[in-house]
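Report on one structure; see the data block that follows.
Read-outs throughout are calculated quantities, based only on the coordinates presented, and are distinct from any laboratory measurement. Keep in mind that this is a model prediction, so the values were computed, not measured. When we count neighbours, we look across all protein chains shown, and the Cβ atoms used for this are built from the backbone with ideal geometry, even at glycine.
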Amino acid sequence: MRQILPTVVGRGLGGELRQLRKARSLTALVVCKQLGWQPSRLSRMETGQQGIRPEDVASLLVVYGVIGAERKRLLAMTERAHERGWWERLGPGLTPWSKTFFQLEEQTSRLTSWEPMLVPGLLQTEDYTRAVMRAIGIPEAEARVRVTARQSRQVILKRPQPPQLHAIVDEIALRRVLGDRRVMARQLRRLVELAESPHVRLQVLPFGVGGHPGLDGPFLILDFEREPSVVHQEPKMSSVFLEEPDQVAIFRRTADRLARMALSPARSVEFIARVAIEHERE
């Protein structure tokens, strides 16, 4: 069962248009009447239930009095909204909530990840992802789509201005052998390489810490430049998006506590390199 909040679906361009309208204390009914639209048209545009044409945005910006650089930015955003995301080209095999997550991830400016069992998806090698899919029993055809999707997600880390990624990983994720030890060694070497990037901060939570606040499962906090933050969790048969400020604050406090309990980024890289050598020798 999927759980996607309507406000999550309506983020991006529709969300910005909604904010502009509310900032001017205008109701959707008043705006639609002024433009000669059906009353439900603007609501569907703002919540992502209807495509938004450049001419519609131009009309709304006139009503809202938006000019100059802000007008150009929003019109350019409209053009980009009509481009198909990479996830649309993969065909069947991806759930609707997966596509919603990919859309959000494309817009993020900062990601904070906690993974108690696996290497985070954004940092996985192709062989490691394939081994994960086999281990959890994903059918081969679906696994191929998921492997491609996971590799495609990583493009955001190669942008000229990539999002900041803070990944906290439990030691078990480094030691559990998925595939074989060569797969694990290559995966850990990949982590060491990525940790050299100025936009990637990687920390390891060692066994020695004992009990900790992340024992109840993984999560990902997505922060945005212009939109409220979202927490994403992915149980086995669903996807959960949380965006109420008090909910997000709980996970942010958990991430902060885990970061304080984990090894420093420098010591974490050294630790990962040592475990990689262990995999190579066994």
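Quick look at the values:
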quantity: Mean residue ellipticity (222 nm) of the chain, computed from DSSP H runs ≥ 4 via -39,500 (n - 2.57), nearest 500; calculated: -16000 deg cm²/dmol
quantity: Inverse mean reciprocal Cα-Cα distance (Kirkwood Rh) of segment 133-211, Å; calculated: 14.7
quantity: Distance cut-off 19 Å, percentage of C-alpha pairs in segment 6-81 lying past it; calculated: 26
quantity: Violating pairs (Cα-Cα greater than 30 angstrom) within the set 72/158; 22/72; 22/158; calculated: 22/158
quantity: Net charge over other residues, Cβ less than 13 angstrom from the Cβ of residue 154 (K, R count +1; D, E count -1); calculated: +1
quantity: Full-extension gain in nm, residue 244 to residue 50, via 0.36 nm per residue minus C-alpha separation; calculated: 67.4 nm
quantity: Residue exposure sequence - 268, 238, 43 - by fewest surrounding Cβ within 10 Å; calculated: 238, 43, 268
quantity: Segment 72-202: translational diffusion in µm²/s, Stokes-Einstein, Kirkwood Rh over Cα pairs, 25 °C, 0.890 mPa s; calculated: 153
quantity: Distribution of pairwise C-alpha distances over the chain, 5 Å bins, in %; calculated: 1, 5, 11, 14, 16, 15, 12, 9, 6, 5, 3, 2, 1, 0, 0
quantity: Convex hull of segment 84-131 built on C-alpha atoms - directionally averaged projected area, nm²; calculated: 4.4
